[in-house]
Amino acid sequence: MGSYFEVRMIPQLQPNEIELIDWADEFAQQVLAPNAQQWDEEAHFPPEVFEQLCQRGLAAMLLPSDNGGADLSYVASVQIFERLVRGDLGVPFALLLQNNTLRSIWLHGTSEQKERWVPRLVDGSLIGAYVITEPDAGSDAGSMKSTAVSLAGDQWKLNGQKWLLSNSPVADLFVTSVVTQLENGEAGGISTFVLERDMAGLHVGQASETLGARSLPVGDLHFEDLTVDDGHRLGEIGSGMRMALDAVNFARVVWGGIAVGIAEAALEEIIEFLKEREQFGRAIADFQAVQFQLADLACKIEAVRSLTYRAAAAIDLGSRYIELGAMCKKMAGEMVVEVTSACHELLGGRGYLVPHSLERRMRDARLALVADGTTNIQRLVIARSLVGRR
């Protein structure tokens, strides 16, 4: 498929994609933005709003339309997230997890598994969570300790703990990575199982308090002698790490769109404030030093937007995108933290008062530094692509 340097063109959006992007923009303005501050203060996840997004096909952005999906390109999908997060981060991020849960089942599931779970994930009657992280296995996911031991009669017994799981407090379905041990005692590598909330032995923890994206519920899971059959195993034994990394790599490009949306909304908000706020007899926006600062921030946003669209185009064109995705995630996280912090600082003393939408966006931005791989992990992926693993 060649080097990521070969990707030059960004595919043109189709009319149905433009229509959905415009709808997402309107939804962010009319539904998400007016409620975002209250959801943040109350740490409230609005299931009815999430279901509205699913009803538009946005839980299955890449799925073919005859299967209930939106049949979008990845370039269009990224732009939809870019628009949605201008209103709120938590609910759109829950939607990203829904897409990843559904995508894994669609790509790796049997026909029975697809028939059982895909339609209800598409319409939002089931909420999905992607379960990888453990207390001692974050960036080093391969060191996870949760296990699935093979029993007689195609049965598996799961034990362990998962942690820092977005969507888990409200999820009905958990795509879960665990270390498998075969019946003969041999190691089976990391495999993936689909777990349902009401299973005996599955304990869903309460939502944790978080710094930002507080409308996104985050919690933990415990497995205690949880027994499932092979009908809940997703894909081949030992394919779980590849499946998990595919989901993570996929999400990293979306983070570019998320960062651009948050940063651009913050920049627009502070510009309006600076035009109205006067000091020394004129609007703060008229001071050249401030104008230069705003210009620098705008350039950084556009640079990440261009990189994001190029990475998304690489996926659509079937080109190599893992390195581009890591570049995208690294640059996006650094940019959105810098832009939101600068915009918040330009509020002056007002910025020290809470609540404020720019204070909320500044807290939300921190998630971009750690979700789906920290900034240093992105550097590691990029460096290895350049000089090889050493």
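The requirement of being β-branched (Val, Ile, Thr), part of a helix (DSSP H, G or I) and touching a Gly at 6+ places or on another chain (Cβ under 8 Å) is not satisfied by VAL337. Among all residues of the stretch 150-169, there is at least one that is within 21 Å of SER215 (Cα to Cα), basic (Lys, Arg) and crowded, with 18+ Cβ neighbours inside 10 Å.
Counting the residues of the stretch 173-214 that are closer than 30 Å to TRP39 by Cα, among the small types (Gly, Ala, Ser) and under 19 Å from the mean Cα position of the chain (by Cα) gives 4.
Listed residues ASP286, ASP296; which is assigned by TED's automatic domain parsing to the domain that holds ALA251 and closer than 23 Å to GLY333 by Cα? Walk me through how you get there before you give the answer.
On the way: ASP286 fails: closer than 23 Å to GLY333 by Cα.
Only one candidate qualifies: ASP296.
Taken over the stretch 244-261, the criterion of being at pLDDT 95 or above and farther than 25 Å from VAL339 by Cβ is satisfied by no residue.
Condition check ((1) touching a Phe, Trp or Tyr at 6+ places or on another chain (Cβ under 9 Å); (2) assigned by TED's automatic domain parsing to the domain that holds LEU158; (3) surrounded by fewer than 16 Cβ atoms within 10 Å (Cβ to Cβ)) across all residues:
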position	(1), (2), (3)
VAL194	yes, yes, no
ALA200	no, yes, yes
VAL218	no, yes, no
GLY231	no, yes, yes
ASP246	no, no, no
ALA263	no, no, no
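Is it the case, given these coordinates, that LEU367 is in contact with a His (Cβ under 6 Å, 6 or more places away or on another chain) and in the same structural domain as GLU264 (by TED's automatic domain parsing)?
Details: in contact with a His (Cβ under 6 Å, 6 or more places away or on another chain): no; in the same structural domain as GLU264 (by TED's automatic domain parsing): yes.
Against the criterion (in contact with a His (Cβ under 6 Å, 6 or more places away or on another chain) and in the same structural domain as GLU264 (by TED's automatic domain parsing)), LEU367 does not qualify.
The set of residues in the stretch 257-292 being of a type in the set (Asp, Glu), within 30 Å of LEU96 (Cα to Cα) and over 20 Å from the mean Cα position of the chain (by Cα) consists of GLU268, GLU269.
Condition (residue is exposed (fewer than 15 other Cβ atoms within 10 Å of the Cβ), basic (Lys, Arg), out of contact with any Pro (no Cβ under 9 Å at 6 or more places or on another chain) and not in a helix (DSSP H, G or I)) applied to the stretch 282-299: is it met by at least one residue? Yes; the residues of the stretch 282-299 include at least one that is exposed (fewer than 15 other Cβ atoms within 10 Å of the Cβ), basic (Lys, Arg), out of contact with any Pro (no Cβ under 9 Å at 6 or more places or on another chain) and not in a helix (DSSP H, G or I).
The values are calculated or read from the model by the stated rules, or taken from the named source; none is laboratory data. Keep in mind the model is a prediction, meaning the values are calculated, not measured. Positions of Cβ are backbone-derived with ideal geometry, glycine not excepted, and every protein chain shown enters the neighbour counts.
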